[in-house]
1. Residues of segment 96-114 being part of a strand (DSSP E or B) and open to solvent by less than 20 Å² (accessible area, probe 1.4 Å), which ones?
2. Between a first residue in segment 70-95 that is under 11 Å from Arg19 (Cβ atoms) and without any contact (Cβ under 8 Å) to a residue 40 or more places away in the chain and a second residue that is of a type in the set (S, T, N, Q) and open to solvent by 30 Å² or more (accessible area, probe 1.4 Å), which pairs have beta carbons less than 9 Å apart while being 6 or more apart in sequence or on different chains?
3. In contact (Cβ under 8 Å) with a residue 24 or more places away in the chain and crowded, with 17+ Cβ neighbours inside 10 Å, is that true of Leu18?
4. Determine whether Gly44 is closer than 16 Å to Val117 by Cβ, out of contact with any Ser or Thr (no Cβ under 6 Å at 6 or more places or on another chain) and modelled with pLDDT of 95 or more.
5. Conditions first: (1) touching a residue at least 40 places away in the same chain (Cβ under 8 Å); (2) closer than 22 Å to Leu85 by Cα; (3) surrounded by 16 or more Cβ atoms within 10 Å (Cβ to Cβ). Phe47 passes all but one, so which condition is the exception?
6. I'm told Ser30 meets every condition in (1) surrounded by 14 or more Cβ atoms within 10 Å (Cβ to Cβ); (2) farther than 22 Å from Thr118 by Cα except one. Can you identify the failing condition by its number?
7. Would you confirm, using the coordinates I've provided, whether Lys75 is farther than 15 Å from Ser7 by Cβ, out of contact with any Phe, Trp or Tyr (no Cβ under 6 Å at 6 or more places or on another chain) and open to solvent by 60 Å² or more (accessible area, probe 1.4 Å)?
Amino acid sequence: QVQLVESGGGLVQAGDSLRLSCLVSGRTSSIDVVGWFRQAPGKGRVFAGRISWSGSTIYADSVQGRFTISRDNAKSTVYLHMTSLKPEDTAVYYCAVGRLVPGGTYDWNNWGQGTQVTVSS
């Protein structure tokens, strides 16, 4: 059993920075990676990036160079540092637990409740 709680969302202006947090609790030893996803109004949920507990990261092209994922294992918290925010970054942001499956991809089967990020121009 794993629980995830996102926090840190809010209303910001274009060009601003924001840091989101994902607190992970429960059976954390079963986690391979923690990912960040986002869902804009009227659109599907898409992958933004992920981090392993060893610290390796991967990002979607849409956020590469602007977003950074980090983690504090002692606090069981994963962070999403967002800079140079654009109106198109407006979305509900979710964190999720990923477990490695055959083929080298991940099964995302535990999700947080999401936190709203709104970027105004």
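1. Scanning segment 96-114 gives Ala96, Val97, Gly98.
2. From residues that are under 11 Å from Arg19 (Cβ atoms) and without any contact (Cβ under 8 Å) to a residue 40 or more places away in the chain, the pairs are Ser70/Thr57.
3. For Leu18, the condition - in contact (Cβ under 8 Å) with a residue 24 or more places away in the chain and crowded, with 17+ Cβ neighbours inside 10 Å - is met.
4. The answer is no for Gly44.
5. (1)
6. Only one criterion is unmet by Ser30, namely (1).
7. Taking the combined requirement at face value, the residue does not satisfy it.
Yes/no per residue for (1) in a loop (DSSP other than H, G, I, E, B); (2) charged (D, E, K, R); (3) in contact with a helix residue (DSSP H, G or I) (Cβ under 6 Å, 6 or more places away or on another chain); (4) modelled with pLDDT of 95 or more:
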| residue | (1), (2), (3), (4) |
| --- | --- |
| Gly49 | no, no, no, yes |
| Ser54 | yes, no, no, no |
| Ile58 | no, no, no, yes |
| Asp61 | yes, yes, no, yes |
| Ser70 | no, no, no, yes |
| His81 | no, no, no, yes |
| Val92 | no, no, no, yes |
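The values are calculated or read from the model by the stated rules, or taken from the named source; none is laboratory data. Model, not experiment: these values are computed from the prediction. Every residue, glycine as well, gets a Cβ built from its backbone with ideal geometry; the counts of neighbours run over all protein chains shown. Remember, those area values only see protein heavy atoms, side chains included, never the ligands or the DNA or RNA. Shrake-Rupley method; radii C 1.70, N 1.55, O 1.52, S 1.80 Å.
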